Each structure stands twice: as C-alpha cells, then as structure tokens.
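Okay, so here's the structure we're looking at.
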C-alpha cells in the first residue's frame, strides 16, 4: 500500500485518513496506524499466529479501498514512519501503543 504522496506504508506507520466530500472539501477522520491481522487474540490474553494470508490495512478503514479507482475519494497520508516511533510510545486517544514482543 502507498499513501497519497506515494510513500510505501508499513505496519506501525501512523497515518491520517481523510475523504474528499462531494463539494471537494477534505474532511480528516483522525489518526490511525497501519496494522495487520497476523495475530488472533482471545479473551484470557491468548495470542495465536493466524494461518493463511496476512492482510495489511489502516486500522478503522479495513474494508475501504483507498487511493484506488473505487476509493470513493478516501485518501491516507503517512505522518510518522514506524521506525521513528519509540518503544513505549502510547497513543491512548487512538487505541495503539508501541512495544517489542
């Protein structure tokens, strides 16, 4: 996946998702992160690696194809590369944090 500027997106990147409305006005929908569905989690704290193909997506807009023909004007802009994030950095408002497993 690539963002609006053509920058390649990786798991852990922090992005802004936006949409261009019918009047051509850009409406920002907030910060999010690029994630994958590599791990399945269960109540009780069990983590299990998923079998099959791992999908990568922007948290909160998984089912939306952005930057494509059928995107309905959704765009994603990379704000911070995963490599610039510090271990322990916690974005409480957006539901993600960085830690080594």
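Each residue in region 27-52 was checked for being in a strand (DSSP E or B) and touching a residue at least 12 places away in the same chain (Cβ under 8 Å), and 9 of them qualify.
Once region 1-26 is narrowed to residues that are assigned to a strand (DSSP E or B) and loosely packed, with under 13 Cβ neighbours inside 10 Å, the residue that is farthest from the chain's Cα centre (by Cα) is 26.
Count of region 74-99 residues, restricted to those that are closer than 21 Å to residue 2 by Cβ and modelled with pLDDT of 80 or more, is 11.
The values are calculated or read from the model by the stated rules, or taken from the named source; none is laboratory data. None of the values given here were measured: they were computed from a predicted structure. Note: ideal-geometry Cβ built from the backbone for every residue, glycine included; neighbour counts use all protein chains shown.
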